[in-house]
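Q: Got a structure for you, questions after.
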Amino acid sequence: MIRKFLALPTILYFILLYIAFTSGAIKTDDSTAFIVVLTGIEMFFICTEFKYGARNGGNLKERQSQNSRRDITAIIFAVMLWWELTTKVFGLVSKVLFPPLDNVFYVFVEDYPDMLKGIVNSLYLVFSGVGSGTVAGVAVGLLVGWIPRLRNTVAPIANVVAAVPALIYAPYVVAVSPSFKLASIFVIFLGCFWPTLMNMIGNIAGADKKLLDSARSLNLGTASMLFKVLLPYSVYPIIANLRIRVADAFMVLTFAEMIGSNVGLGFYVKRWSNFAKYNKVFAGIILIGVVVTAINKLIKLFENRFIKWK
Amino acid sequence: MAKIEVVDVSLEYNDDGESFPALENINLTIDQGEFVCIIGPSGCGKSTLLSLLEGLIFPTKGKIMIDSCEVRGPGKDRCVVFQHYSLFAWFTAIQNVALGVKQVAEHLSSKEINDISMNALGKVGLGNYANKYPYQLSGGMQQRVAIARGLAMNPQILLMDEPFGAIDTRNRLDLQDLLLDLCAKDENRKTVVFITHDVDEAIYLADRIVFMDPKVVAEDIKIDFGDSRKRDEIFASDAFMKLQRHLVSLFYRHLEKNIWKDVAL
Ligand SMILES: Nc1ncnc2c1ncn2[C@@H]1O[C@H](COP(=O)(O)OP(=O)(O)OP(=O)(O)O)[C@@H](O)[C@H]1O
Ligand SMILES: [Mg+2]
């Protein structure tokens, strides 16, 4: 019981709490948000510790993942502690370039309407772009991968085009498009379509020969072959690809927003770095990380819910 | 009328410019309704021959005819049960069977297809597992689903590659009898080409045993126990034991000190 509370993350938590409540060499904004975040992380850690910790009869797998959870929490707190010590407590570095965490998390209180609007806008663009890009890439890839003649023609072309990162032509597309919205959806679409197409062609061209033989021996027609065999066969690679494409899309979007938008997460980061408000820049970066992670969790949830085979 | 004709067939596998002869000048005629077992040492080309019959690969030399038409690909008259499990992981057992049935019986309603599939699963003893996914079934159970699919598709020619290899003794015996029932001697008998490593199984099932020794047909033996399919009688008969000894000796014939003295038939 006592030992559980004395685990390293908890000790670090109390030190950080002490720092948050006292004032150091540098004066900061209101620390409440920072304290809430700290306490949230610690609460999550304590709860899981009680549920899966060594002495609570969790099975081996749960105990192992709890161990890594403990390590991760400790690392997060340790980094925060190091940051707070160099900035807030001792003021060793520039306050502008390296804002204390109190100030970073305070931004979420101060700016939440802006941030919310940014999230909605960016998500809209990412979902439209990645959604259409994935559907198109999978559909075209399915057909092209299956018909050898198409494959031999399209694959080399796709190979070259897919090798050019969307970031390269993003500025151009933004410049020639009538609206920023259209431009960024289109860039994300392209950035998603080509790699998905390549991925899909690869899945199908490299499909297990035994699987194909058994499908052929059933005399399946082309439609059944595509939708009942090759598409389900590719579901896991498609999802793995989707994860990468979402992360990619955020990169492209953030970049595009930096050039031509006046709303969105990327714009938010860009704007405040122009004003040298680096606490807001940090907050924006953290927010993007959280959003991408949340989307990945969502994909995982979807996968567990709808795919019943292994 | 001859059903399957294999005429002077040779086959070479080509991997990166290296060619490997797997079959050499095979000649084989299988009559309609015949139950032929193919046995032979591992790697002698049995599965290769079956793939040729199914039309998954094509001979480098010679040709394969079914009802006097050259084989140009898989057809609805034929159905294979593969040596390896060949189920689709994303379909349940019954969906796997139904997918096969649907291809050969397009005019049936989905209810009828479902009934046929359920029936076939029942026959192989998997009635209670119809809605399980392949990963939830053991290896032998998966193989039985594949067999159920082959049977439910009710083809004129049934090609089976060690179908009972991974199945326990009791189910194996049941399935042997089930297979014999389905291919019972009636007007419209199925032609079966059945690969096995089990000499007893071959003798019990076959009308004819083809022994392959690397790349060629080494022996072709007719089997006739009359219409009796009483297992104990057949297994206890002299003819059975003689055959068994002979077939086993074939596996050993390249050894100098052959402990299985060749038995003349
Ligand atoms: N796809 C392939 N490419 C190249 N060589 C192959 C291929 N498939 C089989 N072979 C070779 O052809 C020969 C015959 O193989 P086959 O699978 O027909 O044997 P088998 O008689 O079915 O053996 P087993 O009883 O072990 O199943 C083997 O020597 C094997 O190495
Ligand atoms: Mg084989």
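Any read-out appearing in this document is the output of simple, stated calculations on the displayed coordinates, not a laboratory observation. Keep in mind that this is a model prediction, so the values were computed, not measured. With ideal geometry, Cβ positions are generated from the backbone for all residues, glycine too; neighbour counts draw on all protein chains shown.
Q: With just the Cα atoms of the protein assembly as shown, tell me how far they stretch along each of the three principal axes, in Å, largest first.
A: Reported extents, whole Å, longest axis first: 105, 64, 53.
Q: Separate question: Between 0 and 90 degrees, rounded to the nearest ten: what's the tilt of helix B:110-123 against the longest Cα principal axis of chain B?
A: Helix B:110-123 sits at roughly 50 degrees to that axis.
Q: Cross-link list B:46/B:230; B:61/B:222; A:310/B:132; A:210/B:46: which exceed 18 angstrom alpha carbon to alpha carbon?
A: Numbers: B:46/B:230 29 Å; B:61/B:222 27 Å; A:310/B:132 12 Å; A:210/B:46 16 Å.
Beyond 18 Å: B:46/B:230; B:61/B:222.
Q: What three numbers, in Å, describe the spread of the alpha carbons of region B:1-63 along their principal axes, ordered from the longest?
A: 41, 24, 19
Q: Hey, in the GNM for chain A with a 10 angstrom Cα cutoff, which one of A:212, A:253, A:16 fluctuates hardest?
A: A:212
Q: Now a separate question. Quick one: check the C-alpha center-to-center distance for region A:108-149 versus region A:68-103, whole angstrom.
A: If you average the Cα positions of each part, the centres end up 34 Å apart.
Q: Can you list residues whose amide H is under 5 Å from residue B:81's amide H, if they're 5+ apart or on another chain and H is modeled 1.01 Å from N?
A: Under 5 Å from the amide H of residue B:81 lie the amide H atoms of B:159, B:160, B:161, each far enough along the sequence or on another chain.
Q: For region A:245-252, just list the computed ³J(HN,Hα) in residue order, Karplus coefficients 6.51, -1.76 and 1.60, θ = phi - 60°, integers in Hz, with x standing in for Gly and Pro.
A: Ordered by residue, 3J(HN,Hα) equals 5, 5, 4, 4, 4, 5, 5, 4 Hz.
Q: Between region B:1-55 and region B:173-206, what is the C-alpha centre distance in whole Å?
A: Taking the Cα centre of each part, region B:1-55 and region B:173-206 sit 20 Å apart.
Q: Okay, next question. Let me see the P(r) profile for chain A: every Cα-Cα distance counted, bins of 20 Å, each bin given as a percent of all pairs.
A: Per 20 Å bin, starting at 0, the Cα pair percentages come out as 26, 45, 26, 3.
Q: What are the residues whose amide H is under 5 Å from the amide H of residue B:220, where those residues sit 5 or more places off or on another chain and H is modelled from the backbone?
A: Under 5 Å from the amide H of residue B:220: B:211.
Q: Picking from B:202, B:22, B:105, which is most flexible by a Gaussian network model of chain B using Cα springs under 10 Å?
A: B:105
Q: Output ³J(HN,Hα) for region B:192-198: one whole-Hz value per residue in order, computed from phi by the Karplus curve 6.51 cos²θ - 1.76 cosθ + 1.60 with θ = phi - 60°, and x for Gly and Pro.
A: So the J values, rounded to whole Hz, are 10, 10, 10, 9, 8, 9, 9.
Q: For region A:1-154, what number of Lys pairs, 8 or more residues apart or on separate chains, have alpha-carbon atoms under 29 Å from each other?
A: Lysine pair count for region A:1-154: 6.
Q: While we're looking at this one, here's another question. When the Karplus curve 6.51 cos²θ - 1.76 cosθ + 1.60 is applied with θ = phi - 60°, which whole-Hz ³J(HN,Hα) does each residue of region A:170-176 get, with x for Gly and Pro?
A: Computed from phi, the couplings for region A:170-176 are 4, x, 5, 4, 4, 5, 8 Hz.
Q: Pull up all non-local amide H partners of residue B:62: gap of 5 or more, or a different chain, and H-to-H distance under 5 Å with H placed in the peptide plane.
A: Distant-sequence amide H within range of residue B:62: B:10.
Q: Helix A:8-21 sits at what angle to the longest principal axis of chain A, using alpha carbons and giving 0 to 90 degrees rounded to 10?
A: For A:8-21 against chain A, the angle is about 60 degrees.
Q: For the protein assembly as shown, what is the percent of antiparallel DSSP beta bridges, rounded to the nearest 5?
A: Taking every DSSP beta bridge within the protein assembly as shown, about 55 percent pair in antiparallel fashion.
Q: If Lys and Arg each add +1 and Asp and Glu each add -1, what is the summed charge of the other residues whose beta carbon sits under 13 Å from the beta carbon of residue A:255? Mind showing how you got there, number by number?
A: Numbers: positive: A:270; negative: A:248, A:257.
Around residue A:255, the surrounding residues sum to -1.
Q: While we're on this one: So what's the angle, to the nearest 10 degrees on a 0 to 90 scale, between helix B:238-252 and the longest Cα principal axis of chain B?
A: 80
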